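The values are calculated or read from the model by the stated rules, or taken from the named source; none is laboratory data. What you see is a predicted model; the values in this text were computed from it and never measured. Don't worry about glycine lacking a Cβ; one is built from the backbone with ideal geometry, like all the others, and counts go over all protein chains shown. Remember, those area values only see protein heavy atoms, side chains included, never the ligands or the DNA or RNA. Shrake-Rupley method; radii C 1.70, N 1.55, O 1.52, S 1.80 Å.
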Amino acid sequence: QAQLIESGGGSVLAGGSLRLSCVVSGETASIYRMAWFRQSPGQERQFVASITWRAGNTYYADSVKGRFTCSRDNAKNTGYLQMSNLKPDDTAVYFCASSPKVYWSAIAGDYDYWGQGTQVTVSS
């Protein structure tokens, strides 16, 4: 099993920045991809971004493209989501998740391990 622990959430004004971190422990060798999802009250979990763990190939939802950057530090077993030019619509609980599957997916059910979530609040 892999364990994921996120940190870095908080409250910012619109236009501000935050960086989320996701530390992975346990069976890290089984991870092919790390993804970030977010969920607002009453809404389904929404794909935000993903990165392949070894090659570092990234993919972004259209709503965050150009504002968010996904990266990872393999030596530290840590993934990052740098969020810039934040908007009130970005307010949500953000989750990191991992998958051993080679194919890309934006479906939450395709990811096996999840962090506990961290709150991001953007005010206007």
Which listed residue is touching a residue at least 12 places away in the same chain (Cβ under 8 Å) and under 19 Å from GLY115 (Cα atoms), from VAL48, VAL12
VAL48
Only unsatisfied item for ILE51, checking (1) modelled with pLDDT under 95; (2) in contact with a Phe, Trp or Tyr (Cβ under 9 Å, 6 or more places away or on another chain), is (1)
So, LYS65, is that one of a type in the set (D, E, K, R), part of a loop (DSSP other than H, G, I, E, B) and modelled with pLDDT of 95 or more or not?
yes
Which of the residues that make up the range 66-124 are farther than 15 Å from ARG38 by Cα and among the aliphatic types (A, V, I, L, M)?
ALA75, VAL102
Over 19 Å from PRO41 (Cα atoms) and assigned to a strand (DSSP E or B) - does that describe any residue in the range 82-94?
yes
Picking from ARG33, ARG54, which residue would you name as being of a type in the set (D, E, K, R) and open to solvent by 30 Å² or more (accessible area, probe 1.4 Å)?
ARG54
Of VAL12, VAL24, which residue is over 15 Å from ALA97 (Cβ atoms) and not in a loop (DSSP other than H, G, I, E, B)?
VAL12
Checking SER105 against (1) polar (S, T, N, Q); (2) at pLDDT below 95; (3) within 10 Å of the chain's Cα centre (by Cα), the condition it does not meet:
(3)
Evaluation of LEU18 against (1) under 18 Å from ILE5 (Cβ atoms); (2) open to solvent by 40 Å² or more (accessible area, probe 1.4 Å) (one fails), failing number
(2)
Residue hits (the range 107-120; part of a loop (DSSP other than H, G, I, E, B) and surrounded by 15 or more Cβ atoms within 10 Å (Cβ to Cβ)) are TYR111, GLY115, GLY117
Would you check if ARG72 is modelled with pLDDT of 95 or more, within 11 Å of CYS22 (Cβ to Cβ) and open to solvent by less than 70 Å² (accessible area, probe 1.4 Å)?
yes
